[in-house]
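Taking it in order: structure first as structure tokens, then the write-up.
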Amino acid sequence: MAAITSDPSRAREFARSVVDRLRAAGHEALWAGGCVRDELLGRTPADYDVATSAMPEAVRDLFGRSRTLAVGAAFGVITVVGPRGSGQVEVTTFRTDAAYTDGRHPAGVTFSTAADDAQRRDFTINGLFMDPRTGEVHDHVGGRADLEAGIVRAIGVPALRFGEDHLRMLRAVRFAAGFGFVLDAQTRAAIEHLAPRAATVSPERIAAELRAMLSRPGRGRALELLAETGLAAVVLPEVSPAGAAPDGLEAWRSHARIVEALDQPSLEAGLAILAAGASAALPRVTVRLRLSNREAATARWLRAALDEVAAGNDHPPPMHRPWSTIQPWLAHRDAPALADILRALAAVAGGSSEVATWVTACLDRPRAELDPAPLLGGHDLLRAGCPPGPALGETLARIRALQLDGVLATAADARAWLAGRSFPGP
């Protein structure tokens, strides 16, 4: 897909100019796929793709070698790079795909016509072409009717489409949930039957789909569809309802409602919520999906913080605990995401609205108040005679706790407290 740009109007105009230039050179050219779908749904396309009768080399010659990328040339795809702020457009020659041998790529392609090209695409709503100047839609697969009816339907035989590229099953769920559509009965049946094959998809591609599902509208329904079709047990086996207690599916649906209620949705927050009651499994999820270090750390921290807040059965609510015990996670970089999850829990899952409100209010404090600078550092302790090693770290932590709890207010207070202590010899 073409890269997302920050200026939709410039991206749109550039995509139109690509079509114009191809046509001026005597080639057939149309917008294709997702951008047409989004246009008809009244949405701003994230990116634009062009389908054309021009051969890849002709596209490169027309737009110039310095403005084109031939990474996908073997499959008839040339990326045309636009002016600054205009993004880029993938220009694909009309083609028919040979058999898929690796669950992702066709073994080869044969250049053909627009009607043939439509047949090799995944879903009818993604198999449409449009003339960007007149708005005329070229529909060879019944996609426009499915758009109007709100149906995600595989083109041709669903089992063949999903057999070609197993990731398409996750894409079907994402489209249905994101657009508020339903899965065509035959398409859904094929997903339920072939769901185990999703295990062969690369972790990075699965993570990308989950990232898109859990950060956009319809994310709660996406989670429900993953469970209902059997895909959750394949792509998120560590936290899915499969093999859990009989009420596992209902618990999953409760998690889905919480994820849907988030104001700042993300893959990390979604995974932290899904791992409720299965905190130990979360590191395995982040490693298996090959998440970035930042994503993995955030997901694990959120789950740990939520478990700490939920420890109210054995401990008082956070607002009644010593400030030094809760300040470290209130001052954490991901504390806003924690507050968002607490708000969602309170809104739809019986969580404490008092705790959510209190945490949110704490985060509104000035940073200097929420996370004041330490009164003393390691060098201060060394000068005071504290030996390096565990004793130094423990003493620093103790001074910090006394500072946060209001016992020590200044560096002088901390030095006075320190002067009254004796340290073991080397």
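A compact table of results
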{"quantity": "Residue satisfying all of: in segment 399-416; farther than 16 Å from residue 386 by Cβ and loosely packed, with under 13 Cβ neighbours inside 10 Å; farthest from the chain's Cα centre (by Cα) among these", "calculated": "412"}
{"quantity": "Test: residue in segment 223-233 that is hydroxyl-bearing (Ser, Thr, Tyr), part of a helix (DSSP H, G or I) and over 14 Å from the mean Cα position of the chain (by Cα)", "calculated": "yes"}
{"quantity": "Residue in segment 240-258 that is in contact with a Lys or Arg (Cβ under 7 Å, 6 or more places away or on another chain) and modelled with pLDDT of 95 or more present", "calculated": "no"}
{"quantity": "Segment 349-389, residues that are outside any loop (DSSP other than H, G, I, E, B) and of a type outside the set (A, V, I, L, M)", "calculated": "353, 354, 357, 358, 360, 362, 367, 369, 378, 379, 380, 383"}
{"quantity": "Selection within segment 42-96 - assigned to a loop (DSSP other than H, G, I, E, B), touching a residue at least 12 places away in the same chain (Cβ under 8 Å) and either within 20 Å of residue 13 (Cα to Cα) or among the basic types (Lys, Arg) (or both)", "calculated": "44, 45, 46, 47, 48, 82, 83, 85, 86, 87"}
{"quantity": "Positions within segment 388-426 being in contact with a Cys (Cβ under 7 Å, 6 or more places away or on another chain) and within 13 Å of residue 377 (Cα to Cα), in sequence order", "calculated": "392, 395"}
{"quantity": "Set 90, 164: member being charged (D, E, K, R), within 14 Å of residue 31 (Cβ to Cβ) and touching a strand residue (DSSP E or B) at 6+ places or on another chain (Cβ under 8 Å)", "calculated": "90"}
{"quantity": "Odd one out for residue 167 among (1) of a type in the set (A, V, I, L, M); (2) closer than 25 Å to residue 22 by Cβ; (3) at pLDDT 95 or above", "calculated": "(2)"}
{"quantity": "Selected residue (criterion: surrounded by the most Cβ atoms within 10 Å (Cβ to Cβ)) from residues of segment 263-319 that are of a type in the set (Val, Ile, Thr) and within 18 Å of the chain's Cα centre (by Cα)", "calculated": "273"}
{"quantity": "Pair list, Cβ < 6 Å and 6+ apart or interchain, from segment 149-172 residues that are touching a residue at least 40 places away in the same chain (Cβ under 8 Å) and buried (at least 22 other Cβ atoms within 10 Å of the Cβ) to residues that are in a helix (DSSP H, G or I) and acidic (Asp, Glu)", "calculated": "170/209"}
{"quantity": "Qualifying residue in segment 380-393 (condition: in contact with a Ser or Thr (Cβ under 9 Å, 6 or more places away or on another chain) and under 23 Å from residue 325 (Cα atoms))", "calculated": "yes"}
{"quantity": "Condition broken by residue 136, with the remaining ones in (1) touching an Asp or Glu at 6+ places or on another chain (Cβ under 9 Å); (2) within 30 Å of residue 13 (Cβ to Cβ) satisfied", "calculated": "(1)"}
{"quantity": "Within segment 196-222, tally of residues that are outside any helix (DSSP H, G or I) and either of a type in the set (D, E, K, R) or within 15 Å of residue 287 (Cα to Cα) (or both)", "calculated": "2"}
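For every residue, the table says whether it meets (1) under 22 Å from residue 273 (Cβ atoms); (2) crowded, with 20+ Cβ neighbours inside 10 Å; (3) in contact with a Lys or Arg (Cβ under 6 Å, 6 or more places away or on another chain).
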residue	(1), (2), (3)
190	no, yes, no
193	no, no, no
198	yes, yes, no
201	no, yes, no
205	no, no, no
216	yes, no, no
229	yes, yes, no
234	yes, yes, no
238	yes, no, yes
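The values are calculated or read from the model by the stated rules, or taken from the named source; none is laboratory data. In this text, all values refer to a predicted model and were calculated from it rather than measured experimentally. We place every Cβ from the backbone using ideal geometry, glycine too, and count neighbours over all the protein chains shown.
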